[in-house]
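Visitor: Input: one structure, supplied below.
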Amino acid sequence: MPKWTTLGVGVAAVLALAACKPDSAPAPATSASAPSAGPPASPSAQPSVQVPADPGKALLAAAGRLGAQPFKLKFSALGQEATGSIDLSARTSEIDTLLQNGATISVRQLGTDQYVQVTGDSADALHATPGKWMHADTKGLPATNPLSPDHNQAASAAKLLKDASAVRRTADGTYSGKADLSHGAAQLPSSLTGKLKAVPFTARLDPQGRLTSLIFDMNSVLSGAGELNTAYYDYGVPVSVARPAATETVPMPDAFKKAIGLG
């Protein structure tokens, strides 16, 4: 069981691989079809922008735009799927993850308040409080902490794309390159960690220069691992997250924090 499930793509790649034992055959991979970018919803309608001609700068600018508007995303890798609605400027988000064993991990963020609910077999494995939202005040946590409001998709994508190598434009709005996903991979064998340092990726941008998809070819790291696929859509659509009722909320247990690597 991975210590933590997060949508920061670098960490997610590591955890997706960690969920698959290197000494056993990986789960059959399916190429998840991302939500169609299509015409942007009316709240996000904006005139086309001048996308930088330099491929690296174009991708870095796209990652920066993740913080400019609310957006939704869909993530998939090795049988794990997640969907989320995120407003980085308001520090508001809701992310639901379905694990391969059928368990779910739901995370709601409202300012510095973080709420986590775990269902299924994973609740026992992670020492979660069954049927309750576990609350933690994340004020003062370092940005590298998985529960920190600053540990977000925009920061993760920007870091990966800033350090990407061999970046080139392959078609209108489509780019390829290699990214280092080895950060946080200490729990993996060195043979896999080395391969994580240069994972091929494909990124697609819309006419406003915003990311619509970021796909990593994890077969280059572990045969049969498939794709690590994140799709971005519904830019500009307001995000509304309900705070769990007090009767459904408990303090986050120390055993849970330790199980996810925070204790």
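The values are calculated or read from the model by the stated rules, or taken from the named source; none is laboratory data. Worth saying up front: this structure is predicted, and the values here are computed from it rather than measured. Every residue, glycine among them, receives a Cβ derived from its backbone with ideal geometry; neighbour counts consider all protein chains shown. These area figures cover heavy atoms from the full protein model, side chains too; ligands, DNA and RNA do not enter into them. Shrake-Rupley method; radii C 1.70, N 1.55, O 1.52, S 1.80 Å.
Visitor: Just give me the residues in the range 53-63 being open to solvent by less than 30 Å² (accessible area, probe 1.4 Å) and among the hydrophobic types (A, V, I, L, M, F, W, C), in sequence order.
Guide: The answer is A58, L59, A62, A63.
Visitor: If we scan the range 41-49, do we find a residue that is at pLDDT below 75, at positive phi and of a type in the set (G, A, S)?
Guide: The answer is no, given that none of the residues of the range 41-49 is at pLDDT below 75, at positive phi and of a type in the set (G, A, S).
Visitor: Going by the structure shown, is Q153 open to solvent by less than 50 Å² (accessible area, probe 1.4 Å), of a type outside the set (D, E, K, R) and at pLDDT below 90?
Guide: yes
Visitor: Name the residues in the range 82-104 that are under 13 Å from the mean Cα position of the chain (by Cα) and either surrounded by fewer than 16 Cβ atoms within 10 Å (Cβ to Cβ) or in a loop (DSSP other than H, G, I, E, B) (or both), would you?
Guide: The answer is D96, and nothing else.
Visitor: Just to be sure, is R168 touching a Pro at 6+ places or on another chain (Cβ under 8 Å), open to solvent by 50 Å² or more (accessible area, probe 1.4 Å) and at pLDDT 95 or above?
Guide: So R168 passes the test.
Visitor: If a residue must be charged (D, E, K, R), more than 20 Å from the chain's Cα centre (by Cα) and at pLDDT below 95, how many such residues does the range 209-256 contain?
Guide: Selection size over the range 209-256: 1.
Visitor: How many of the residues in the range 64-81 are of a type outside the set (D, E), open to solvent by 40 Å² or more (accessible area, probe 1.4 Å) and either in contact with a Ser or Thr (Cβ under 9 Å, 6 or more places away or on another chain) or at positive phi (or both)?
Guide: The total comes to 4.
Visitor: Here's a follow-up. If we keep just the residues of the range 119-130 that are out of contact with any helix residue (DSSP H, G or I) (no Cβ under 7 Å at 6 or more places or on another chain) and touching a residue at least 40 places away in the same chain (Cβ under 8 Å), which is most open to solvent (accessible area, probe 1.4 Å)?
Guide: A125
Visitor: Mind listing whichever residues of the range 50-88 are of a type in the set (V, I, T), touching a residue at least 60 places away in the same chain (Cβ under 8 Å) and over 19 Å from V167 (Cβ atoms)?
Guide: If the condition is that a residue be of a type in the set (V, I, T), touching a residue at least 60 places away in the same chain (Cβ under 8 Å) and over 19 Å from V167 (Cβ atoms), then I86 is the only one that fits.
Visitor: Further question: Given the structure, is T119 hydroxyl-bearing (S, T, Y) and at pLDDT 90 or above?
Guide: Spelling it out, T119 is indeed hydroxyl-bearing (S, T, Y) and at pLDDT 90 or above.
Visitor: Residue pairs, Cβ under 9 Å, 6 or more apart or interchain, first in the range 234-255 and touching a residue at least 12 places away in the same chain (Cβ under 8 Å) and of a type in the set (A, V, I, L, M, F, W, C), second open to solvent by 80 Å² or more (accessible area, probe 1.4 Å) and assigned to a loop (DSSP other than H, G, I, E, B). List them.
Guide: Pairs that qualify, where the first residue is touching a residue at least 12 places away in the same chain (Cβ under 8 Å) and of a type in the set (A, V, I, L, M, F, W, C) and the partner is open to solvent by 80 Å² or more (accessible area, probe 1.4 Å) and assigned to a loop (DSSP other than H, G, I, E, B), are A255/H127; A255/G263.
Visitor: Are there any strands (runs of 3 or more DSSP E) wholly within the range 174-263 with 2 or more residues that are surrounded by 20 or more Cβ atoms within 10 Å (Cβ to Cβ), and if so which?
Guide: Where strands (runs of 3 or more DSSP E) fall fully within the range 174-263 and carry at least 2 residues being surrounded by 20 or more Cβ atoms within 10 Å (Cβ to Cβ), they are 174-179, 199-205, 211-217, 227-233.
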